[in-house]
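Here's the structure we're looking at; comments come further down.
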Amino acid sequence: MSDAVLQAGTRPARSFAWPRAERLRKGLLCAYAGLFFLFLYAPIGLLLVLSVNDSEVIGLPFKGTTSRWYAYVLTTPELIRALANSFALGFVSAGIATAIALMMAMGFRREFPLKGLLMKIVLLPILIPGIVGSAVFLVFFGYLEIPFGLWTTALMVHITWALPFAFLTIFPRLHGFDRGLEEAAMDLGATPIVVFRRILLPIIRPGIVATFLFAFTLSFDEFVRTFLVIGTQRTIPVHLWTLIIDQMAPFLPAVGVVIMAVSVSVSLIGFALTPKEK
């Protein structure tokens, strides 16, 4: 009788303990998620605040709102030139990387010897640390006596950096494409070029545009792989680095916001154009 009473007395305590433990677990998870997002987005919020802070020194306290730092960034010739270099280099390298990735993805749809090895070689630049790859390119271009510059060494480095990501973005679209549509068109007399232009390209065009925008973002933001091989010319990330080294000017947060705005805008356009799975 006493054992039955003891067991009956312990059941309510256990039933109350489980909800308490569940609430504690949820509370800890919410606290962890809150700290995670705070750590992730607080620096971005601080950068936005500092970019409009009417102070001659980067930092707090906040002394009022001003837009003169953005006006300075958008009217300074050196910054405009660096921004134009980043846009031009990004568009050209993204276009070349996307075109090569498209041709490679078309080829990888078929079986051929050493296909798996070649796939690993294509994806190898993703695994190489940026500073190591930049140093290797520095030695390689120096050995070949290739002049360092925006359209010589920096362009090749950016293409090799964006190419594996472009390939990984566009290859799944082509790999999952119904080959029966192409075979039906060829049975009706269409040449391979006509099949690609009239059937395949309209279907995968959104994926190609999204791949191009993704590659552009990678090139526009790249600093480590650019710094050692660009020579005396400047992209906006490299120019920002030189400004940080030379002087902690109050307009630097505005430069960072401009870079971030361009990258986020291009990424959002790419996400909007990415085909949705049905």
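No lab work stands behind these numbers, since they all come straight from the coordinates. Everything quoted here is computed from the prediction, not taken from an experiment. Note: ideal-geometry Cβ built from the backbone for every residue, glycine included; neighbour counts use all protein chains shown.
Here are a few things to note about the model shown:
- Residues VAL49 and LEU24, FRET efficiency given R0 of 45 Å [Cβ-Cβ distance, rounded to 0.05]: 0.80
- Taking other C-beta atoms within 10 Å as the exposure proxy, ILE245, ILE100, ILE236, ILE131 rank ILE245, ILE131, ILE100, ILE236 from fewest upward.
- Listed from fewest to most Cβ neighbours within 10 Å, the set SER51, SER93 follows the order SER51, SER93.
- Site pair GLU182 and THR232 shows an inter-label distance of 4.9 nm when each label is modelled 7 Å from Cα along Cα→Cβ.
- Over the chain, relative contact order from alpha-carbon pairs under 8 Å, at least 6 apart, %: 29
- Shown here for region 119-221: GluC sites (Glu not before Pro) in loop regions (DSSP other than H, G, I, E, B) with at most 16 other Cβ atoms within 10 Å, namely GLU145.
- Length released on extending from MET103 to ILE244, taking residue separation times 0.36 nm less the Cα-Cα span: 46.7 nm
- Of GLY133, ALA272, ALA190, farthest towards positive along the dipole that unit charges on Lys, Arg, Asp, Glu beta carbons give region 69-273: ALA190
- Peptides 52-58, 252-258, 210-216 ordered by average Cβ neighbours within 10 Å, highest first: 210-216, 252-258, 52-58
- Residue order, fewest to most beta carbons within 10 Å, for HIS175, HIS158: HIS175, HIS158
- Simple label model, 7 Å out from Cα along Cβ direction - VAL264 to LEU117, nm: 4.7
- Residues in region 132-143 carry Karplus couplings, in order, of 5, x, 5, 5, 5, 5, 4, 5, 5, 5, x, 5 Hz; the curve used is 6.51 cos²θ - 1.76 cosθ + 1.60 with θ = phi - 60°, and Gly or Pro positions show x.
- Which label in [x] 27.0, 95; [y] 23.3, 93; [z] 20.6, 63 gives the computed Rg and Dmax of the Cα atoms in Å: [x]
- Label-to-label distance, HIS175 versus LYS63, with points set 7 angstrom from Cα along the beta-carbon direction: 5.6 nm.
- Point-charge dipole on Cβ atoms (K/R +1, D/E -1) for the chain, about Cα centre, debye to 20: 820
- For region 27-34, Karplus couplings with θ = phi - 60° (6.51, -1.76, 1.60), whole Hz, Gly/Pro x: x, 5, 5, 5, 5, 5, 5, x
- In terms of its C-alpha gyration tensor, region 213-278 comes out oblate, because a/c is 1.5 or above while a/b does not outweigh b/c.
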